[in-house]
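A.B. asks: After the structure tokens below, expect a handful of questions from me.
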Amino acid sequence: MKKLSLVLVCTLLLALFAGCGASSSSSAAAGGNIPGTLEEIMEKLYEGIDENNMPMVANTELTADNAESFVGVPASDFKEGLSSDAMINAVAHSVCLLRAEDAAAAEELAKAVEENADPRKWICVEAEKKVVEQRGDLVLLVMSGTDLADQIVANFQALETE
């Protein structure tokens, strides 16, 4: 009898944990979208970061001609994209924002970017840290120094949704 009770308790606990896990992942994918243009959002990602810790950057629209070299996936995989890269290519720094059709498409896009983006895309340097995050219909790719990448990701996570 004790063995049967123990099996039932274990089964209930497993069901409880499985249910909690499913609800948390689906809520992350279904989260609200971040309002604004990609340029406006990119500006918010750099807010509060000391200029002395930032390389000089330039924004580049991601197109069919350049998307794969920036994010590892073709431009046909997303609605629009913007990259903010160091103006000197000896500095490993790249922040890319991709907008997908919806949260479900963004979740799949984030997986593809994680798998294919190359933190060694520069000639002589490699990014210390590569991070891919997804919120709503947006995907963020950061390849940079650890401290700077962490600050940008924290700013992305703090953005308000609609």
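The values are calculated or read from the model by the stated rules, or taken from the named source; none is laboratory data. Keep in mind that what you see is a predicted model, and the values were worked out from it rather than measured. Because the Cβ atoms are built from the backbone with ideal geometry, glycine has one as well, and the counts that use them run over all protein chains shown. Side chains are part of the model used for accessible areas, which takes the heavy atoms of the whole protein and leaves out ligands, DNA and RNA. Shrake-Rupley method; radii C 1.70, N 1.55, O 1.52, S 1.80 Å.
A.B. asks: Name the pairs: first residue in the stretch 150-162 and farther than 14 Å from Gly136 by Cβ and open to solvent by less than 20 Å² (accessible area, probe 1.4 Å), second residue among the hydrophobic types (A, V, I, L, M, F, W, C) and in a helix (DSSP H, G or I), Cβ to Cβ under 7 Å, at least 6 apart or on different chains?
C.D. replies: If the second residue must be among the hydrophobic types (A, V, I, L, M, F, W, C) and in a helix (DSSP H, G or I), the pairs left are Ile152/Leu45.
A.B. asks: Look through the stretch 60-78, keep the residues that are of a type outside the set (Val, Ile, Thr), exposed (fewer than 14 other Cβ atoms within 10 Å of the Cβ) and without any contact (Cβ under 8 Å) to a residue 40 or more places away in the chain, and return whichever of them is nearest to Gly36 (Cα to Cα). Please lay out each step first, then the result.
C.D. replies: Filtering the stretch 60-78 down to residues of a type outside the set (Val, Ile, Thr) leaves 61-62, 64-70, 72, 74-78.
Filter once more, keeping what is exposed (fewer than 14 other Cβ atoms within 10 Å of the Cβ): 61, 64-65, 69, 74, 76.
Those still in the list that are without any contact (Cβ under 8 Å) to a residue 40 or more places away in the chain too: 61, 64-65, 74, 76.
Values: Glu61: 16, Ala64: 23, Asp65: 25, Pro74: 23, Ser76: 22 Å.
The selected residue is Glu61.
A.B. asks: Can you tell me which residues in the stretch 127-136 are more than 9 Å from the chain's Cα centre (by Cα) and in a strand (DSSP E or B)?
C.D. replies: So in the stretch 127-136, the residues more than 9 Å from the chain's Cα centre (by Cα) come out as 127-130, 136.
Listed by number, the residues that qualify are Lys129, Lys130.
A.B. asks: Scan (1) in contact (Cβ under 8 Å) with a residue 12 or more places away in the chain; (2) more than 26 Å from Gly32 (Cα to Cα); (3) assigned to a loop (DSSP other than H, G, I, E, B) for the single condition Asp147 breaks and write down its number.
C.D. replies: All conditions pass for Asp147, except number (3).
A.B. asks: It is to be established whether one or more residues within the stretch 106-115 are touching a residue at least 40 places away in the same chain (Cβ under 8 Å), of a type in the set (Asp, Glu) and under 25 Å from Gly48 (Cβ atoms).
C.D. replies: Checked the stretch 106-115: no residue is touching a residue at least 40 places away in the same chain (Cβ under 8 Å), of a type in the set (Asp, Glu) and under 25 Å from Gly48 (Cβ atoms).
A.B. asks: In the stretch 87-106, how many are open to solvent by 20 Å² or more (accessible area, probe 1.4 Å) and touching a strand residue (DSSP E or B) at 6+ places or on another chain (Cβ under 6 Å)?
C.D. replies: 2
A.B. asks: From the list Asp65, Asp77, Asp102, Asp85, which one is among the charged types (D, E, K, R) and under 14 Å from Val142 (Cβ atoms)? Please lay out each step first, then the result.
C.D. replies: Numbers: Asp65 fails: under 14 Å from Val142 (Cβ atoms); Asp77 fails: under 14 Å from Val142 (Cβ atoms); Asp102 fails: under 14 Å from Val142 (Cβ atoms).
Answer to the selection: Asp85.
A.B. asks: Only one of Ala110, Ala100, Ala117 is under 15 Å from the mean Cα position of the chain (by Cα) and over 22 Å from Gln151 (Cα atoms); which? Don't jump to the end; show me each part of the working.
C.D. replies: Working: Ala110 fails: over 22 Å from Gln151 (Cα atoms); Ala117 fails: over 22 Å from Gln151 (Cα atoms).
None of the others qualify; the one that does is Ala100.
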